[in-house]
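Here's the structure, in structure tokens; my notes come after.
The values are calculated or read from the model by the stated rules, or taken from the named source; none is laboratory data. Computed from a prediction, not measured in an experiment: that's the story for all the values here. Positions of Cβ are backbone-derived with ideal geometry, glycine not excepted, and every protein chain shown enters the neighbour counts.
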Amino acid sequence: MIIDSHTHVEYKADGQKYSADEFVRAMDQGRIDKSVVLGGDQADAGRKPPWADPAVMGAATNFDDEDVARFCAEYPDRLIGFGSIHPDRYQPQRKVERAVREFGLKGIKLYPHSGFYPNDPRLTPVYEKCAELGVPVVIHTGIKAVRWQWMKYNRPIYVDDVATNFPELKVVMCHGGFPWVDEFLTVAYSNPNVWVDISFLDYIERTFKKAGLAEEVMQRLVALIGAERLLWGTEGPFMDLPLFGTHGPENYARSQEFLVRRFDFLNQEEKAAILGGNAARLLALDE
Ligand SMILES: [Zn+2]
């Protein structure tokens, strides 16, 4: 089973989000069985002046928990929704509870570059709630996705605080942490409750002219923590990020090849695990 563990639902040129039909048709074309659809709680467009300007926003950054649930409910066997939390929200743990219990979402995504550190004390009840509900927290690390975000919050070292302070919590750390790759690998190695999402390493390697980055990160990850906690993902069938470029469903095959299949330090079982088996285990899909 191929599971894309990291997707977003983009806006089309006409300003409308892709529909669940279009999204799943693209998955079919790319032979993807299931996709994790991540919510977005990043920017309050009305509150901070630059964020009110769509040209500065540059990409779709907000996707409400309830809307994610509605989107995924159209294809419950194919789409797995995650909610999202920003610690500025009033009692964010209540938003987690609602996302999981009421809307049936399977995890929580955090975007630190929207203005908070992962070890922000206001997130303590969020982590406690996620551990109690048994759902993973996915934390973006490394590069920022669009111009208005602040990269300093994305350092992997802050994820170490979360993993250490909440040993029962499953934490997924994304994108290889570039430009803090050593920090990323060290946090993954030191914390058995940290899982690693390798999505976007292809784009980072290309954008920053860092030839061999994906191979180096994968090889070191496998040597340090094995293949069992690695998760393949793509950002979705459609991506449009001004800083990094665009892609369509053809990226599914390209990404599998570049991030997983071409490596001879992985055997067939490990490749299958990274491309879907591990995500199924993380999300308890077979229970
Ligand atoms: Zn993403």
* Quick one: which helices (runs of 4 or more DSSP H) sit completely within segment 228-287 and have at least 1 residues that are surrounded by fewer than 20 Cβ atoms within 10 Å (Cβ to Cβ), modelled with pLDDT of 95 or more and under 17 Å from the mean Cα position of the chain (by Cα)? -> 278-282
* Would you check if there is a residue in segment 187-194 being part of a helix (DSSP H, G or I) and within 16 Å of the ligand (Cβ to nearest atom)? => no
* Asked: In segment 136-154, which residues are at pLDDT 90 or above and closer than 19 Å to Val36 by Cβ?
  -> Pro136, Val137, Val138, Ile139, His140, Thr141, Gly142
* Of the numbered conditions (1) within 14 Å of the ligand (Cβ to nearest atom); (2) in contact with a Pro (Cβ under 8 Å, 6 or more places away or on another chain); (3) of a type in the set (A, V, I, L, M); (4) in contact (Cβ under 8 Å) with a residue 40 or more places away in the chain, Val159 satisfies every one except a single condition; which is it? -> (1)
* Is segment 206-214 home to any residue that is within 16 Å of the ligand (Cβ to nearest atom) and under 16 Å from the mean Cα position of the chain (by Cα)? -> no
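Would you mind stating whether Ser190 is within 30 Å of Thr124 (Cβ to Cβ), surrounded by fewer than 21 Cβ atoms within 10 Å (Cβ to Cβ) and among the small types (Gly, Ala, Ser)?
On the way: within 30 Å of Thr124 (Cβ to Cβ): yes; surrounded by fewer than 21 Cβ atoms within 10 Å (Cβ to Cβ): yes; among the small types (Gly, Ala, Ser): yes.
Answer is yes for this residue.
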* Asked: Name the residues in segment 195-227 that are part of a loop (DSSP other than H, G, I, E, B), within 26 Å of Glu269 (Cα to Cα) and aliphatic (A, V, I, L, M), would you?
  -> Ile198, Ala227
